[in-house]
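Asks: Take a look at the following structure, please.
Derivation of every value follows stated rules applied to the coordinates shown; laboratory data play no part. Just so we're clear, the structure is a prediction, and the values are computed from it rather than from any experiment. All Cβ positions, glycine included, derive from the backbone under ideal geometry; neighbour counts span all protein chains shown.
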Amino acid sequence: MSMITKKEWDQEEKYLQHVMEVINDDYQQITAQRAERSGDLQNYRRYLWENRRDFNNLYEIAEYEDRLREDLRGYQVVSDRQALLEKAMQMPYFGRIDFRELDQGQAESLYIGLTSIINREKFDILVTDWRAPAASMYYDYEIGPASYLAPDGEIEGHIVLKRQFKVKKGQLILAVDTGIRIDDDILLETLSKSRNPRMQQIVYSIQREQNQIIRDRSSRYLWIQGVAGSGKTSIALHRIAYLLYHRRQHLRAENFVIFSPNQIFLDYISDVLPELGEENTRQFTFFDCAVKTLAPYNLQIEDISEQLESLLSESSDLRTSIANYKMSPEFNSVLTSYLQYLQQLKWRFKKIIFARRCVFTAQDAEYLFNVEYAHLPLAERIEQVVNRIVYLVSSNYKSLNEEKLRQAVLEAFPKINAYTLYRRLFNELNLWEDIGPVSIPNNLKEMSKYTNSSLNKGKLLYEDVAPLMYLQAYLEGLNIDGGVRHVVIDEAQDYTILQLKLLKLMFADADFTVLGDINQAIHPLNRWKIKDASSIFKDKCKVIELNKCYRSTVEIARLADFISPNPNLKIIERRGITPALHQTVPAQLAQALKSLIERLTEHESIAIICKTLKRCQQVKSELEELQLEVKIMTGASRQFSTGLTVLPSYVSKGLEFDAVIIIDADEQNYGGTDNRNLLYTLTTRALHDLHLFAAEPLEILTQAARQELIVLKGER
């Protein structure tokens, strides 16, 4: 990396001034267009309201609604462009490459930024959008041979200059010639900043391996296994923005769905796509999906946070053993065998009565259902048989109400209800022998009693949610919106195999980007290998590993790696403070926390992480008694909080904080191999500062202290 000459600096300042003039002109024009469109919309809405009684029919109303919808879309496009230009005024571009194509004498300069800037009078592209094909060379190559894939094929040549810029409020602050070193000053400066309230876009610092994933348009199913802090979520969001840019005619934001671990995480990532000039996609948690699809059963549905709180804070061996079985591959096999058993049953019908007469016999309906359409899955079979009977009956009458006839047909059908049939598994225990060669659990009677007890109260435990949805998918079909073309699953390591299968079933025609880190699997009962999970997508699934940690300092990352070793881990050389282990007796914990917090005032976000919500509430109360203002984040929270926050371990996954304080880091809470991943996950939440508190620290932490990976502080 080298500074440029005075002459080159003057040239860059002159170019920047020209770009800023074009941006300002564009901004004035787009602002005027926005004001004009806003006025037109208001006038049109007023016209529709004042003349609403003059519309003759529904078709005319629909025509006006379509026009209004199109005008609104145009207004949104103009508004989005205005927002992008406002960002460009601050930093119109961040990089430049001079590329000379093979057999061409002169190199062409490409300035790369968040959005394209074009001098329309001269048809001159002044700044190239970071998603454009040629811009990929900035991320992928050093000076020397380079190429990019254009619509007409591969373009080869040489990069003769590569330059990075820092522009602030339209003023040139820094300009350096650089290679592709991943630990360059601009990247390190970006990583060293305090945490913003939400995740930010990273187009200025995308790395080569990240760029290749973002621009992958050939893989229908992409599985990204990445270490903590490797940028998995950022990559997925930038990949959405990239696909929207290149497939604008075929894809819109509503064609994408992001599945995240909780509502806090959805809020945490909500600024990234708008910063990139795109609308936010639809965003769900698996719990949202369950509530929607299982709504007909009118059940109180437990989410993963509630289940984890129960498993981590209560010593209920029965609940743990039952949940462990229901989340296992063995129970998945039972459900599959049960569905095959139900498929082969001979279902009984009633005769179909319509307009006070029998219009279709029970025997004929049974023949259609049990014989002619027996090859179809039950959910599809029901639909086909209903359509067939409606067609056959209506063909014998000149005119009838088909909707009422359809209802009459359904009333004659057997009640194939997934909830009823799921309960049958735990009410008729002889079924387990009837459904085929399945492994019958030793505690089946206790499991049946426990399951029925919760269902009788109208409560569906988390471990029952996916199994019930699985039966519903094959027996009744799932209530899922269509039009989804691409699904992103984040924190996939905490989904069960059955949940992943369900998402594949729900969105059978969609592409998938799956993100996870098997070493951050925090659920104590959910363990599987990537090859087992990725096999859901058959052999078409491309698995990519990311082993570079960009989030934490070297000192924090090395401690995390000591807790859960990864021989392939690569750490960006950003130096910081060695993590500290505070040996503090319980009676002095609150005061010790207060003293530490008062020394961490330079940080925007400080997280105190407890294992359970119950412990969080205790700590919050104790700190408030010491006059500290503390916010709490739970599984039910909907917003990411900065400042001083206390949160349970299972809510912290996927989030980042400037400073992290882990309390009760002892054998009782984090001892044993099952908790090793959890402790690793918690330590990797910290960007700059990490502290652990315990009266009797974990052995792994005292070992780390002997190797000087953590500093011991305080006396017991």
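Asks: Charges only on Cβ, +1 for Lys and Arg, -1 for Asp and Glu: so what's the dipole of the chain about the Cα centre, in debye to the nearest 20?
Replies: 1720 debye
Asks: For a quick protection proxy, order the peptides 516-529, 95-108 by their average other-Cβ count within 10 Å, most packed first.
Replies: Packing proxy ranking, top to bottom: 516-529, 95-108.
Asks: By DSSP, what percent of the beta bridges with both residues in the chain are antiparallel, rounded to the nearest 5?
Replies: Bridges in the chain that DSSP calls antiparallel: roughly 40 percent.
Asks: For the pair Glu624 and Lys6, how long in nm is the line joining their label points, each one 7 Å along Cα→Cβ?
Replies: In this crude label model, Glu624 to Lys6 measures out at 6.4 nm.
Asks: Sticking with this one: If packing is taken as the average count of other Cβ atoms within 10 Å, what order do 240-250, 345-355 fall into, highest mean first?
Replies: Top to bottom by mean Cβ count within 10 Å: 240-250, 345-355.
Asks: Calculate the dipole size of the stretch 521-570 relative to its Cα centre from +1 charges on Lys and Arg beta carbons and -1 charges on Asp and Glu beta carbons; express the result in debye to the nearest 20.
Replies: 200 debye
Asks: Could you tell me how far the Cα centroid of the stretch 281-332 sits from the Cα centroid of the stretch 595-645, in Å?
Replies: The distance from the Cα centre of the stretch 595-645 to that of the stretch 281-332 comes to 27 Å.
Asks: Of Lys501/Lys631; Lys415/Lys457; Lys542/Lys653; Lys594/Lys614; Lys542/Lys631; Lys445/Lys504, which sit over 31 Å apart, Cα to Cα? Present the calculation step by step, with values, prior to reporting the outcome.
Replies: Working: Lys501/Lys631 37 Å; Lys415/Lys457 22 Å; Lys542/Lys653 24 Å; Lys594/Lys614 20 Å; Lys542/Lys631 41 Å; Lys445/Lys504 33 Å.
Exceeds cut-off: Lys501/Lys631; Lys542/Lys631; Lys445/Lys504.
Asks: Counting pairwise Cα distances across the stretch 512-567, what percent come out greater than 19 angstrom?
Replies: Value for the stretch 512-567 (Cα pairs over 19 Å): 43 percent.
Asks: Using R₀ = 30 Å, calculate the FRET efficiency as 1/(1 + (r/R₀)^6) where r is the Cβ-Cβ separation of Asp71 and Glu604; round to 0.05. Could you put the intermediate results ahead of the total?
Replies: Working: r = 41 Å, r/R0 = 1.37.
For R0 = 30 Å, the calculated efficiency reads 0.15.
Asks: Could you list log10 I(q)/I(0) for the stretch 342-432 at q = 0.11, 0.18, 0.24 Å⁻¹, which the Debye formula gives when each Cα is one point scatterer?
Replies: Taken in order of the listed q values, log10 I(q)/I(0) reads -0.35, -0.81, -1.23.
Asks: If I take all pairs of Cα atoms in the stretch 192-264, what percentage of them are more than 17 Å from each other?
Replies: Pairs farther apart than 17 Å: 51 percent.
Asks: Taking all pairs of distinct Cα atoms, average 1/r, flip it, and tell me the Kirkwood hydrodynamic radius of the stretch 491-603 in Å to one decimal place.
Replies: Details: mean 1/r = 0.0563 Å⁻¹.
Taking every pair of different Cα atoms in the stretch 491-603, averaging 1/r and inverting gives 17.8 Å.
Asks: For Lys166, give me every one of the lysines with a C-alpha distance below 22 angstrom, ignoring sequence neighbours fewer than eight places off in its own chain.
Replies: Counting by Cα, and skipping residues close in sequence, Lys166 has these lysines nearby: Lys6, Lys7, Lys14, Lys87, Lys193.
Asks: For a quick size check, give me the Cα extents of the chain along its three principal axes, largest first, whole Å.
Replies: Answer, in whole Å and largest first: 95, 77, 55 Å.
Asks: Over 24 Å, how big is the tail of the calculated P(r) for the stretch 537-696, in percent of all Cα pairs? Kindly include the intermediate steps, with their values, before the conclusion.
Replies: On the way: 4388 of 12720 pairs.
Tail fraction, whole percent: 34.
Asks: Per the helix-only calculation at 222 nm, which mean residue ellipticity applies to the chain, given -39500 (n - 2.57) for every DSSP H run of n ≥ 4 and division by its residues, nearest 500 deg cm²/dmol?
Replies: Roughly -13500 deg cm²/dmol at 222 nm, from the helical runs in the chain.
Asks: Can you give the Rg/Rh ratio of the stretch 78-163, where Rg is from the C-alpha atoms and Rh is the Kirkwood radius?
Replies: Rounded to two decimals, Rg/Rh equals 1.00.
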